[in-house]
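Below is one structure, written out as structure tokens; comments come after it.
Every read-out reported here was derived from the displayed coordinates using simple, explicitly stated rules and does not represent laboratory data. Just so it is clear, the structure is predicted and the values come from calculations on it, not from any experiment. Reconstructed Cβ throughout: ideal geometry from the backbone, glycine too, with neighbour counts over all protein chains shown.
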Amino acid sequence: MPLMNTPRWGERAKEVVEIVGPKSKNSPEGRETKERTIREMTKVRSLVSVLALLVLVGFVAGCGSAFDQARQEAKKKAENKAQQVQKEAKQKVEAKKQQTKENVDAKKQELKKRVDDLEQKVNDLRKEVTELQKKIKAQEQKEQDQQINQLKKALKELKKKVETHQQDHQEKN
């Protein structure tokens, strides 16, 4: 609501017009009235200035607090977003870690199975080698026995020949 429309302002305006208008400037009463009017105008100007300053300060404070509040909200949003991103990153790292652990465990199991398979093959080969060595020894023993038998036969034949020869030789003598 403008100040001019207030009843008080209207009365003041009339007083100012009456003081300035009909009275002469040179009369003591006119000078006093003029000085009084100037003082009142100075007071009014200073009050209006103070009021304007208070309004400006209030506006700045209000805008500042709104700005600070908006800044605080933006800061909170940024912090929340950062926390969310950090949480998601941690979850991804944990998931990756878990997946890596599972992969390592799977590879360990696969390697263990391979090692077990290889150990089984080695054991099977050792058994085969042992059996072959036994067969070789048995074959060698059989061959030795055959050679011994052949030698015994040959020795018997030789003995017979020697006996026969000795008998022949004794008969001649």
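Here are some notes:
- All distinct Cα pairs of the range 84-173 go into the 1/r average, and the inverse of that average, the Kirkwood radius, is 20.7 Å.
- The magnitude of the dipole of the range 30-122, with charges of +1 and -1 set on the Cβ of Lys/Arg and Asp/Glu and taken from the Cα centre, is near 200 debye.
- Taking θ as phi - 60° and the Karplus parameters 6.51, -1.76 and 1.60, the scalar couplings of the range 33-50 work out to 5, 5, 5, 5, 5, 5, 4, 5, 5, 4, 4, 4, 4, 5, 5, 5, 4, 4 Hz in sequence order, x denoting glycine and proline.
- Couplings for the range 159-164, taken from phi via the Karplus curve 6.51 cos²θ - 1.76 cosθ + 1.60 with θ = phi - 60°, read 4, 4, 5, 5, 5, 5 Hz in order; Gly and Pro are left as x.
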